[in-house]
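Q: Dumping the structure here so I can ask a few things about it.
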Amino acid sequence: MSLIKIIEVLAILVGAFSGFAEARSKKMDVVGVFTVAFITAFGGGTLRDILLDKRPLFWVTHQEYAILIFVLSLIAVPAVRMARKIVSERVIVFADALGLGLFSIAGVSEALAAGMPIFIASMMGVITGIFGGILRDIVCNEIPMVLRDGRPYAICSFAGCWMYLLMQKTGVPPDFSLWSSALVICGLRLLTWAKGVRLE
């Protein structure tokens, strides 16, 4: 498995966890849990593939991704109920920040591989990073967090995507570029959350 696929799988798992937690907080049944987890995990990548005119969609090509979310959904109801008793808000925020970093870098890498100009590639990274969460919040009848909490969520993704692009242009090894950029996005998101930085 290539490094970008490993990052993609990790991003899907983190995104699904976010969807599980949100669905259970809304007291959804197993169908609701699966639906919310599915759109959270695959929403950003699906929109990216549509905009890049890439067919079939990435989760259709790799049906094991969808199967994984389905299986996890079956055990998510009791597991998340238990996790919410022992997992702090900080852990949830960390998982969300990690998902943002992983999805964003997976998105910008796929866009570059498709031959997109660098600015478009950076926007594809941001879209991949945030759109799943937007869909999750809409389905759960919430104003999307990225549009309401005032913290620089998408900006962290944008900055990390440009860091990745610049490292690619300067010949930095691809493995280091991928992981370091994802960690920078995650770190920026956690830093702005911890310091209460807002755009208002």
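Q: Report, by residue number, each residue of region 1-33 that is farther than 16 Å from Ala97 by Cα and β-branched (Val, Ile, Thr).
A: Ile4, Ile6, Val30, Val31, Val33
Q: Does region 156-177 hold any residues that are within 16 Å of Glu110 (Cα to Cα), hydrophobic (A, V, I, L, M, F, W, C) and open to solvent by 10 Å² or more (accessible area, probe 1.4 Å), and which are they?
A: Phe158, Trp162, Met163, Leu166, Met167
Quick grid of which residues meet (1) within 18 Å of the chain's Cα centre (by Cα); (2) hydroxyl-bearing (Ser, Thr, Tyr):
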| position | (1), (2) |
| --- | --- |
| Val126 | yes, no |
| Ile134 | yes, no |
| Tyr153 | yes, yes |
| Thr170 | no, yes |
| Leu178 | yes, no |
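Q: Take the residues in region 148-198 that are among the basic types (Lys, Arg) and at pLDDT 90 or above; name whichever of them is nearest to Gly44 (Cα to Cα).
A: Per the criteria, the residue is Arg189.
Q: If you don't mind, another one. Looking only at region 21-65, which residues are aliphatic (A, V, I, L, M) and over 14 Å from Gly132 (Cβ atoms)?
A: Within region 21-65, Met28, Val30, Val31, Val33, Leu51, Leu52, Val60 meet the criteria.
Q: Can you confirm whether Leu183 is under 19 Å from Gly107 (Cβ atoms), part of a helix (DSSP H, G or I) and touching a Ser or Thr at 6+ places or on another chain (Cβ under 9 Å)?
A: Judged against the criteria, Leu183 is not a match.
Q: Any idea how many residues of region 110-120 are farther than 18 Å from Lys5 by Cα and in a helix (DSSP H, G or I)?
A: Count: 3.
The values are calculated or read from the model by the stated rules, or taken from the named source; none is laboratory data. Everything numeric in this text was worked out from a predicted model, so none of it was measured. Positions of Cβ are generated from backbone atoms using ideal geometry, with glycine treated the same way; all protein chains shown enter the neighbour counts. Ligands, DNA and RNA are stripped out before the accessible areas are found, and what is left, the full protein with its side chains, is counted by its heavy atoms. Shrake-Rupley method; radii C 1.70, N 1.55, O 1.52, S 1.80 Å.
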